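Below: one structure, written as structure tokens.
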Amino acid sequence: MKKGKIAIIIILIIIILTCFFLIFNNKKSKIYKLGNNSSNQEIVDYILNISSYELTAQIEINSNKNKTKYVVNQKYINQDHLIQEIQEPSNIQGLKIIKEGNNIKLENTQLSLSRIYENYEYIAENDLDLECFINDYKNNNESNYERSDNILKMSTINAENKYRKYKTLYIDVNTGNPTKLEIKDYNKNTTVYILYTEVKIKNN
């Protein structure tokens, strides 16, 4: 009799644990399985929980004097490891900017040169990184989002840089991929425009 009761109790525990696992897994899959019926918050959570990414971006930087255009490959492995390689313009093609912990390493594959900046504080206001936007969004109480058809816009403010104060990330709700990032100054003039042409995202 005792053995029978113990067996029943074990079976019940297994059933309960299985149900809990299925419910938890279902909730998790709802967050990261995006589509046209995904809620706004699910899409925002998907972006904020990016653990790594690879992308190609066309970047346009506007200043008072001129307009500069770049094509850059970015590979974000984690918060301590980020690689950017410039594809265009041709005079700096192959230049790599590598962040490893608190060190910044610049490499030029054409000239085979390497310089390492020890203990560099990478507070680096590097607004060209998707990671930078995500951190700004998480850390600002004024961050918000709005949706129009198949595009969701996430907006935030960087109070520490008046020339790159307002940031808006555009996301395709069907894929969950960012399509572009606009950065504006305190007068709401566009200072940086980034168009994402290829994006691969990984979430935990």
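The values are calculated or read from the model by the stated rules, or taken from the named source; none is laboratory data. Computed from a prediction, not measured in an experiment: that's the story for all the values here. In this analysis, Cβ positions are derived from the backbone assuming ideal geometry, glycine residues included, and neighbour counts consider all displayed protein chains. Side chains included, ligands, DNA and RNA excluded: accessible areas come from the protein's heavy atoms. Shrake-Rupley method; radii C 1.70, N 1.55, O 1.52, S 1.80 Å.
How about the range 34-92: which of its residues are under 15 Å from PRO178 (Cα atoms), among the polar types (S, T, N, Q) and crowded, with 18+ Cβ neighbours inside 10 Å? Passing the criteria: only GLN74.
Could you list, in sequence order, all residues of the range 125-152 that are assigned to a loop (DSSP other than H, G, I, E, B) and among the β-branched types (Val, Ile, Thr)?
Matches in the range 125-152: none.
Mind checking whether some residue in the range 157-176 is in contact (Cβ under 8 Å) with a residue 40 or more places away in the chain, hydrophobic (A, V, I, L, M, F, W, C) and not in a strand (DSSP E or B)? The answer is yes, given that some residue of the range 157-176 is in contact (Cβ under 8 Å) with a residue 40 or more places away in the chain, hydrophobic (A, V, I, L, M, F, W, C) and not in a strand (DSSP E or B).
Here ILE183 meets the list (1) under 18 Å from VAL72 (Cβ atoms); (2) of a type outside the set (Phe, Trp, Tyr); (3) in contact with a helix residue (DSSP H, G or I) (Cβ under 7 Å, 6 or more places away or on another chain); (4) open to solvent by 20 Å² or more (accessible area, probe 1.4 Å) almost entirely, failing just condition (4).
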